[in-house]
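In what follows, a single structure is set out as structure tokens and then discussed.
The values are calculated or read from the model by the stated rules, or taken from the named source; none is laboratory data. Quantities reported herein were computed from a predicted structural model and do not represent experimental measurements. Cβ sites come from the backbone with ideal geometry, for glycine too, and all protein chains shown count toward neighbours.
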2 protein chains.
Amino acid sequence: MSVVSVDEEQFAGGNLVSTAIGAITQHIRANELGPGDRLPSEATLSKELSVSRSVVREAFRSLATMRLIDLNVGKRATVAQLDHGAMSLMIEHGVHTAQININQVYDVRRTIEMRTSTLAALRRTDAEARIILGHAKAMETNFDDADKVMESDLAFHLEIARASKNPIFSIIVGAFQGVSRQTWPIGWRSRASDAERHAMNRIHIELAEAILAGDPQAASQLMARHFDESAKALLAAGIA
Amino acid sequence: MSVVSVDEEQFAGGNLVSTAIGAITQHIRANELGPGDRLPSEATLSKELSVSRSVVREAFRSLATMRLIDLNVGKRATVAQLDHGAMSLMIEHGVHTAQININQVYDVRRTIEMRTSTLAALRRTDAEARIILGHAKAMETNFDDADKVMESDLAFHLEIARASKNPIFSIIVGAFQGVSRQTWPIGWRSRASDAERHAMNRIHIELAEAILAGDPQAASQLMARHFDESAKALLAAGIA
DNA sequence: TCAATTCAACCTGTCCGACAGGTTTTATCG
DNA sequence: CGATAAAACCTGTCGGACAGGTTGAATTGA
């Protein structure tokens, strides 16, 4: 069987690299490759498509940057596991080029995470529920180390997305971690008092308990409240 | 000023290309470049980073594939407008490698689009409302041409996302268009009768009217109903 | 016969040089 | 001063080269 599919022109954008990218993705689909499966070598594709190795390399590298494939020196390229790397870069690019603002990020996160909370409450395993609760408690335990609180917070939200059992939600939530790391300290500092900060931590714990208890409504509502209060804090800090 | 930032190692992954990608994105951020602004030439970056032009080219090409920059022969690379291209490739990759299934896509779309409906009802301009209604009516007008119905359907959903005035929603909705094009005909055929197909079109029109009327609750509920019925149709077709 | 070892073939990462066009800037000319 | 022509610049693609890392097959030894 040919390495490339019939309609390899699908991605053709005038340049050969786009064509090569199309050929590679078509190869993955035509042969029903899954994560870990090996792709043809650069030289093979180069001959197959009648283009130079440089072109194939740029195509491979592009797919690797988007995390669709894994590259390793000496080894052949392999199909990659889904990953939020590409989307993270995209979101951060949007924020840094002033095409996306923080409120818009918050709205998307709130929308998505109300759903992941609901699903997590319905689908979480006991182990996941314990991990989520663990992250929530860690925020309170490490109260004086803002960095640790932040990392637990991020892990908390990501673990809820995982427990939703929908990888797309995990990707989206993961994609916002980069920008969240940059705005989180602002939100933390903008809380008027330690009491407010403790209150925020308490919401996390209550949310974890709702998920543990399998109460989707409560989980969803707590997540909404969490985002509303965070937005309020950010607003108070002048981010709007 | 130096072309590259201090912490250009942020993206270093052992290979020079990752370093170059980091340097380029850092350059964009450090100089606060926006869409359309020009980037240094390959030769300049090559010298600046002390790597070969090939390395810089692979970095540029990767960023272009992710639609963070635009490449044009003869011209310098420019910062790109946000685009769902990268996310589309990612989603399609996930579906084709069996890491994502159609139900998961539907859940995400339902979650996101209930929100875009709400926001569109609140924020749409009159022109946008008219365009949305136009797409809905076009579905009924071209009832016998499934392809045209599909394209109007996709345009309808995307326009609602645009009217939400949050580019992230537009990106996400746009990212699902590729897979939607592949499953849409199945949903259309799986409707038991033309009456059901007309009913689906009617929901679209009612939704457009709710957005035109500025009724967020109604818009959101209609969108939810639309997705629930589509999922039901797909289920009937054995996609589950 | 079989397992361990060695080696040849293969593969990727990076570099260099070259040339065909397309684009921008500069200098020249009317 | 404005139009035009030339020079400088830039990207797309190609080919070749070499340093390592990886793999699988042949060889060797038990």
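Below is a table of values for the structure above.
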| quantity | calculated |
| --- | --- |
| Given (1) without any contact (Cβ under 8 Å) to a residue 60 or more places away in the chain; (2) within 27 Å of B:ALA86 (Cβ to Cβ); (3) of a type outside the set (Asp, Glu), number of the condition A:ALA138 does not satisfy | (2) |
| Conditions (1) in a helix (DSSP H, G or I); (2) at pLDDT 95 or above; (3) closer than 30 Å to A:ILE211 by Cβ; (4) aliphatic (A, V, I, L, M); number of the one not met by A:ILE100 | (1) |
| Residue list for region A:43-63, filter: free of Cβ contacts under 8 Å to residues at least 24 places away in the same chain, more than 8 Å from DNA strand D (Cβ to nearest atom) and within 14 Å of chain B (Cβ to nearest Cβ) | A:ARG57, A:ARG61 |
| Residue ID - nearest to DNA strand C (Cβ to nearest atom), chosen from residues in region B:68-78 that are outside any strand (DSSP E or B) and within 18 Å of B:GLY22 (Cβ to Cβ) | B:ALA77 |
| Qualifying residue in region A:169-192 (condition: at pLDDT 95 or above and more than 24 Å from the chain's Cα centre (by Cα)) | no |
| Which listed residue, of A:ALA23, A:ALA80, is in contact with a Lys or Arg (Cβ under 6 Å, 6 or more places away or on another chain), over 30 Å from B:LEU33 (Cα atoms) and more than 8 Å from chain B (Cβ to nearest Cβ) | A:ALA80 |
| Elements of type helices (runs of 4 or more DSSP H) contained in region A:166-240, each with 1 or more residues being within 13 Å of another protein chain (Cβ to nearest Cβ) and in contact (Cβ under 8 Å) with a residue 40 or more places away in the chain | A:167-175, A:177-190, A:216-236 |
| Selection count, region B:32-50, where residues are surrounded by 18 or more Cβ atoms within 10 Å (Cβ to Cβ) and assigned to a loop (DSSP other than H, G, I, E, B) | 3 |
| Selection count, region A:64-77, where residues are within 11 Å of chain B (Cβ to nearest Cβ), more than 10 Å from DNA strand D (Cβ to nearest atom) and not small (Gly, Ala, Ser) | 6 |
| Qualifying residue in region B:144-164 (condition: within 15 Å of the chain's Cα centre (by Cα), facing chain A (nearest Cβ under 10 Å) and not hydrophobic (A, V, I, L, M, F, W, C)) | yes |
| Within region B:99-115, tally of residues that are more than 9 Å from chain A (Cβ to nearest Cβ) and in contact (Cβ under 8 Å) with a residue 60 or more places away in the chain | 4 |
| Considering residues of region A:9-19 that are part of a helix (DSSP H, G or I), in contact with a Ser or Thr (Cβ under 9 Å, 6 or more places away or on another chain) and more than 10 Å from every other protein chain (Cβ to nearest Cβ) only, the residue modelled with the lowest pLDDT | A:GLU9 |
| Some residue of region B:136-143 being within 27 Å of A:SER88 (Cα to Cα), at pLDDT 95 or above, of a type in the set (S, T, N, Q) and not in a helix (DSSP H, G or I) | no |
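Yes/no per residue for (1) within 8 Å of chain B (Cβ to nearest Cβ); (2) crowded, with 20+ Cβ neighbours inside 10 Å:
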{"position": "A:HIS93", "(1), (2)": "yes, yes"}
{"position": "A:THR97", "(1), (2)": "yes, yes"}
{"position": "A:LEU122", "(1), (2)": "no, no"}
{"position": "A:GLU128", "(1), (2)": "no, no"}
{"position": "A:ALA136", "(1), (2)": "no, yes"}
